[in-house]
Structure formats: C-alpha cells, structure tokens
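Here the structure is laid out as structure tokens; the discussion comes afterwards.
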Amino acid sequence: MAETITELQNLWSAITKRLRDEVEDVRFFDVFLSESYIHSFDNREMVVAVNSGLAAMILSTKYMSVFQDTVKAVTGLNPKIKFDVAENLKTNTPPIEEKPVYFKNSVVNPSLTFDNFVAGPSNIEAKQAAMYIAASPGASFNPLFIYSNPGLGKTHLMQAIVNFIREKNPGKKVLYFESGDFLQEFVDITSGTKNLNAFKKYIQSQDVLLVDDIQMLSTKEKTLDFFFDCFNKLMLSGKQIVITSDKAPSELKGFEERLKTRFASGLIVVIGQPEVPTCVAILRSKIENSLLDINSFDPKVLDFIGEKFSKNVREIDSALNRLIWYVTSYRPTKYIDMTIAMEALQNLIDIKDTKQKLSEQKIINVVADYYKKTPSQITGSSRESDITLARHIAMYLIRKMLDVPFTKIGFIFGGKDHSTVMSGVNKVEKSLKTNESLKTAVGEIESQLKS
C-alpha cells in the first residue's frame, strides 16, 4: 500500500509510463492527464485528481478500462478507480499526512541502471546477484553482501536495484542510504532531535533495505546495536537486505561476531579490479553517453586509457572528463589520436609517471649505447636483425622495470600496435630461458640502469 506523497508519486509515474505504451491519443496526456496525480490509494480504492470535470468524465468513461488494466498490471491489485477534480479533493478531504522524513541527503541517481553497468569477469557475478535480488526481493540470497575496493561499482549496483524496483514494483518500500547518513540519523536521535521508536518503526517498515559502505559504522557500538535490532526484525519478516563494504564480512573490524555472522549468512560476492577489456568497454559506454562521438577516437586511445587508468572506474571518469574538457574547450579537435590524448592527460600522470617518462628514454639510450646504435634507430622502423633485437630488449626492460602499458610503449616506439609490443616482449622473455648470451646482455644493461 502506497501511503506517503513520495510513494504515491512514484506509483503514478510508473502507471503513466505504462499508459504511454497503451494509449496513442496525445490529448490523453497533454489535456486529460495534465497536472494529474494520485490523491489517495488504500488498495481497495484509488482516487486520481484531475484538472477539470470534463477530464474526470472522459477518463471515467472512455478510458476506464485501460486504466483498470494498467493499475492492476503495475500494483498487482484491482482497486476501484475514481477520478475527481483536484480542487474538490483539496477542499473536501484533509491532505495526506507525511510520515517523518529521514535520510534527506540520501539521493538515488536515476541514471544508474543495470543497462549501463558494464560487466566483465571481475564483476559479472555481482551484477547477476543484484539483478536477481531486484527481480525477486526477499525470495532468497538474503542478505546480499557485496564487497570490493572503492570505485569498482558497488554503489552503481545498489542504486540500480533501487531504480529497478521502483519502476517494476512501485508498491514496494525501498530505502537506500550510506552508513554515514545512518550514523548521523542516530546521532540526531540520541541528542533528542528525533524519536528513537519512530525511527526504528520507519526502518522496519521497509520491504527492501540497502546499506552502502557498512564499514563506516566500525566501533560505533550503540549504533551497531540499534542496526542489529533493525536487521534482525527485517530478516525475520522476510524483507530483503543488501549491504556493501570494502571488506569481506569476516574482515570487518569493530563489528561483533554476531553481526559478521549474519552478514555472511546469505550470499557474498566480490567485485575485483576490472580487466583492461572491461575498462575499455566502460570507457566506450561513457563516451557514447557523452558529448563526443566514439568514431572520433583512435582505438589506440581507448586501449591506452583502459590500461593506464584501470585501478577503478573513478580513474576512468577522471581521465575521460579531462579529455572531454581538453578537446571541446581548451584545444577543439575533431579526431583524438594518441598525441592529443597524451597531451590532455599529462596532468593526471603522477610523480612516478613523470620519473618513468625520463626513465623510458634512459632505457632506450642505454640499450642503444650497448648495441652501438642510435636511439632513433631503436625507436624507428628498421627491420635489421640487430636493431630489432635491441628494440625488443628496450621494450622488454621498459615493461619489466616501469610496468608501462603496452599501448604507451607502442606510442614511444613510433606508434606501433600494442600487439606488436607484446610479441616483442614475449620473444625476449622466452629467449632468456635458453639464450645465455642474451641473458648476459640484458643483465649487464639492467645493472647499468640501476647504477
């Protein structure tokens, strides 16, 4: 049963969205349903406020059937539907009383959905579990516990669950908050600003509870005691709980064993660091939803960003935002190649990378000197066997000593494809196992570089 104004608004949004697929008459929405809303709904009767008596009459006659079918499809109920003029309802009946408002700072981004969550080997299990929970909250896998390092998509999945349920099952009460907001609410209660029993009743009335970053409640003994009571009540009532953390339940510090045991009693899934192909797919998805055309990017740029900024999704966001600003405001460019990308992202390369830039050239210089060649020969396109060997050794050492992405190494060596670099590095690695003279040469070059 939808009771608060917010719940009624969400329900009406779901109903009208479905109606748009059923009714082609533009007047239906622009004229008859303009400024309409659900005035009240108690499962047996739904009262819809409209803008005029004529609208109420037409909707009650011509469109009643489609309304009844739509409401039943959305709510699973078959209430009596009544249309009345909004002004009459305002004067003849008291306004709906709002329940106490909590978690005012807890915002769910409607754009975070399952559709735009890019899955790969590192996160597919977490996405599948979240989708299952969203489709059948409380049916099984309760609680669902998702953990990972920061910036890998936990919050996206949490809010995708909320958005899915609100669209597909608007009658469900869904509450999402970060643990820091929960802690603040509890502080307000203990200071006398809010009522403890009312807050507990509000939490325990939810059908789905989603708690982000539970580790933030570490060592907060009284807050955790209160949360434990709410958690148990919801679990015993068959309500769905989803929790995220930066650690597995067993590794949470400052939590009593009884809580950690309950967190682990459902389904635990981990999100790992994304693989480079997944990072590239994420980047591609973000570009397609930005101001830029994916066709204006050199594919090597996507590979480079995917390799270089693969620690988490936030790094990818930061790199892409910087690149968008650079090519749209600072240096407008129609096509983004590696030169432009390196210029745009240079400020995001940390002190370590600045040192690496110098070291890359130093490695090339030392290898060139060892084999009596020039640096330009090493980075050029000559296929003479001795130059090719020196080039492969330089690539190998840059990769080994600096952990530079293959794409960037290719850029340094005249724009070679990353697969060419990988092949060269692999040849050296393989030869080092059997070729003693190569092993000696590489060892001597490494000694010079380390001295």
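In table form, for the structure just shown:
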| read-out | value |
| --- | --- |
| Thr261 vs. criteria open to solvent by less than 20 Å² (accessible area, probe 1.4 Å) and part of a helix (DSSP H, G or I) | no |
| Cβ-Cβ under 8 Å pairs, at least 6 apart or on other chains, region 278-295 side under 15 Å from Asn312 (Cα atoms), far side charged (D, E, K, R) and open to solvent by 30 Å² or more (accessible area, probe 1.4 Å) | Cys279/Glu307; Val280/Asp303; Lys286/Asp317 |
| Candidate set from region 12-46 (those that are acidic (Asp, Glu) and assigned to a loop (DSSP other than H, G, I, E, B)); member that is farthest from Val85 (Cα to Cα) | Glu24 |
| Some residue of region 374-388 being open to solvent by 70 Å² or more (accessible area, probe 1.4 Å), out of contact with any Cys (no Cβ under 7 Å at 6 or more places or on another chain) and under 20 Å from Asp303 (Cβ atoms) | no |
| Per-region count, region 286-299, residues of a type in the set (S, T, N, Q) and open to solvent by less than 30 Å² (accessible area, probe 1.4 Å) | 1 |
| In region 438-451, the residues that are at pLDDT below 90 and either open to solvent by less than 80 Å² (accessible area, probe 1.4 Å) or under 13 Å from Tyr370 (Cβ atoms) (or both) | Glu446, Ser447, Gln448, Leu449 |
| Helices (runs of 4 or more DSSP H) enclosed by region 357-451 - at least 3 residues per element that are farther than 27 Å from Asp337 by Cα | 385-402, 418-431, 436-450 |
| Residue within region 89-98 that is of a type in the set (A, V, I, L, M) and either at pLDDT 85 or above or part of a strand (DSSP E or B) (or both) present | no |
| Residue count, region 42-78 (criterion: among the charged types (D, E, K, R), surrounded by 12 or more Cβ atoms within 10 Å (Cβ to Cβ) and under 40 Å from the mean Cα position of the chain (by Cα)) | 2 |
| Test for Ile282: is it within 30 Å of Phe413 (Cβ to Cβ), in contact with a Leu (Cβ under 8 Å, 6 or more places away or on another chain) and assigned to a helix (DSSP H, G or I) | no |
| Single condition Gly192 does not satisfy, out of (1) without any contact (Cβ under 8 Å) to a residue 12 or more places away in the chain; (2) touching a Cys at 6+ places or on another chain (Cβ under 8 Å) | (2) |
| Residue count for region 316-330, restricted to those that are open to solvent by 60 Å² or more (accessible area, probe 1.4 Å) and at pLDDT 85 or above | 2 |
| Filter pass, Leu348 being open to solvent by less than 60 Å² (accessible area, probe 1.4 Å) and not acidic (Asp, Glu) | no |
| Phe406 being of a type in the set (Phe, Trp, Tyr), farther than 18 Å from Val442 by Cα and open to solvent by 70 Å² or more (accessible area, probe 1.4 Å) | no |
| Residues (basic (Lys, Arg) and in contact (Cβ under 8 Å) with a residue 40 or more places away in the chain) located in region 375-419 | Lys408 |
| Positions within region 232-251 being without any contact (Cβ under 8 Å) to a residue 60 or more places away in the chain, closer than 24 Å to Pro137 by Cβ, in contact with a helix residue (DSSP H, G or I) (Cβ under 9 Å, 6 or more places away or on another chain) and not basic (Lys, Arg), in sequence order | Asn232, Leu234, Ser237 |
| Filter result (open to solvent by 30 Å² or more (accessible area, probe 1.4 Å) and of a type outside the set (D, E, K, R)) within region 109-131 | Asn109, Pro110, Ser111, Leu112, Thr113, Asn116, Val118, Ala119, Pro121, Ile124, Gln128, Met131 |
| Which numbered condition Ile81 fails, given (1) assigned to a helix (DSSP H, G or I); (2) open to solvent by less than 80 Å² (accessible area, probe 1.4 Å) | (1) |
| Matching residues, region 132-148, being buried (at least 20 other Cβ atoms within 10 Å of the Cβ) and over 19 Å from Ile214 (Cβ atoms) | Ala134 |
| Total residues in region 252-266, condition among the charged types (D, E, K, R), within 24 Å of Val174 (Cα to Cα) and touching a residue at least 24 places away in the same chain (Cβ under 8 Å) | 1 |
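The values are calculated or read from the model by the stated rules, or taken from the named source; none is laboratory data. Being a predicted model, the structure only gives us computed values, none of them experimental. For neighbour counting, all protein chains shown are included, and Cβ atoms are generated from backbone atoms with ideal geometry for every residue, glycine included. For accessibility, only protein heavy atoms count, side chains too; no ligands or nucleic acids. Shrake-Rupley method; radii C 1.70, N 1.55, O 1.52, S 1.80 Å.
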